Each structure stands twice: as C-alpha cells, then as structure tokens.
Amino acid sequence: MGSPSRVFLVGPMGAGKTTIGRQLAQLLKLDFADTDQEIEERTGADIPWIFDVEGEEGFRKREMKVIDEMTERNGLLLATGGGVVESSENRRALSSRGFVIYLYTSIEEQIRRTKRDTRRPLLQGEEDPETVLRNLMTRRDPWYRDIADYIIDTDGCSPRSVAQKLAAACES
C-alpha cells in the first residue's frame, strides 16, 4: 500500500501528538505541522491568550479554519489539538481526507504528562485538573475512536517506539 500522503494525529492532552508526530513525519518522509502552532503563527498570539480574549469558542472557530485548510495538503502529518473532535466539521474533514491515528493515553498518564504545563488553558481554571481531564476524556474518547483508522496506546512507551510502530502500521 505504501505510506498515506496525509496523516492526522488525534488524542487527549499529553498523548504526545506533537512529539510523536515530529518523529513519525521524519520516518514517513512527510512535512510536519501542528494545528496549535499554526493558529499561534497566524494570530501572532499564544493559545492561552486567545482563550483569555476570545474564549474557547473563538479558539475553536480559528481551529476549524486551520483544519479545513491543512487537511487538504498532501505530504503532511498534522498533529491536532485535543479538542479538535468537538466539532463535527473537523471530525468529517479529518476522517474523509486522510489516515487518522488516535494516540490513546490513560487519565493517569495525562495527569503525569501535563501537571507542570501552564500552556493548557482548560487545565488552568478553578476545577481540579484530574476532574477536567476525566470529563474531557469521557466526552471525546468516543469521537477519537469513531474517526480513527488506527489506535495505539502510548502509556509507558517512548515517543520513538510509538513513532516506529506507527510507521510500520502506515506502511503495511
């Protein structure tokens, strides 16, 4: 079959979409892009600032535009934000335009990987981060699974080993 020309990574915060995505893109000889970084470059502001000024709704509108444009590009591995699946339009674009990989990560691992990260607006509110992550996972996991062509559990795995397994799966 050969490698797909468009690969999209989905999954929760802390799944390793950006870290694994960079390595997998190299292995598959694809360009790498990250939707959050693209949004920051286009707006000239970081994600927490966008959330502060425009709220989550404003951020999601920007994200939808980026997803619509970038999922049309060939030769691209795209790491998406954890909430990309909140929009049915995004889910449709991702699932119909490329090979979607769900990087599954347990709640416990998400907590461990995100506990010191101050750049995640949804974890900076009054609510306990564990409660936030559990609620997000309950809502989003069915959507991740629904659009995924391939699911891999990243718990206890190095980004390199996950990227290598995914490269083998994409090329088979």
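The values are calculated or read from the model by the stated rules, or taken from the named source; none is laboratory data. Since we're looking at a predicted model, the values are computed, not measured. With ideal geometry, Cβ positions are generated from the backbone for all residues, glycine too; neighbour counts draw on all protein chains shown.
Brief remarks on what is shown
- Residue in segment 60-75 that is in contact (Cβ under 8 Å) with a residue 40 or more places away in the chain, buried (at least 19 other Cβ atoms within 10 Å of the Cβ) and either small (G, A, S) or over 25 Å from P4 (Cα atoms) (or both) present: no
- Condition met for T80 (in contact with a helix residue (DSSP H, G or I) (Cβ under 6 Å, 6 or more places away or on another chain), buried (at least 18 other Cβ atoms within 10 Å of the Cβ), over 26 Å from P129 (Cβ atoms) and of a type outside the set (D, E, K, R)): no
- The set of residues in segment 134-155 that are more than 13 Å from the chain's Cα centre (by Cα) and under 15 Å from S87 (Cβ atoms) comprises L136, R139, P142, D146.
- Filter pass, D36 being out of contact with any Leu (no Cβ under 7 Å at 6 or more places or on another chain), at pLDDT 95 or above and within 25 Å of F99 (Cα to Cα): no
- If you go through segment 12-51 and pick out every residue that is basic (K, R) and crowded, with 21+ Cβ neighbours inside 10 Å, you end up with 1.
- Every test in (1) farther than 30 Å from C170 by Cβ; (2) within 15 Å of the chain's Cα centre (by Cα) is passed by E54 save one, and that test is (2).
- Yes/no for L94 being outside any helix (DSSP H, G or I), surrounded by 13 or more Cβ atoms within 10 Å (Cβ to Cβ) and either aliphatic (A, V, I, L, M) or without any contact (Cβ under 8 Å) to a residue 12 or more places away in the chain (or both): no
- The set of residues in segment 130-151 being in a strand (DSSP E or B) and touching a helix residue (DSSP H, G or I) at 6+ places or on another chain (Cβ under 6 Å) consists of Y150 alone.
- Considering the conditions (1) surrounded by fewer than 19 Cβ atoms within 10 Å (Cβ to Cβ); (2) over 13 Å from the mean Cα position of the chain (by Cα); (3) at pLDDT 90 or above, K115 is excluded by exactly one of them, (3).
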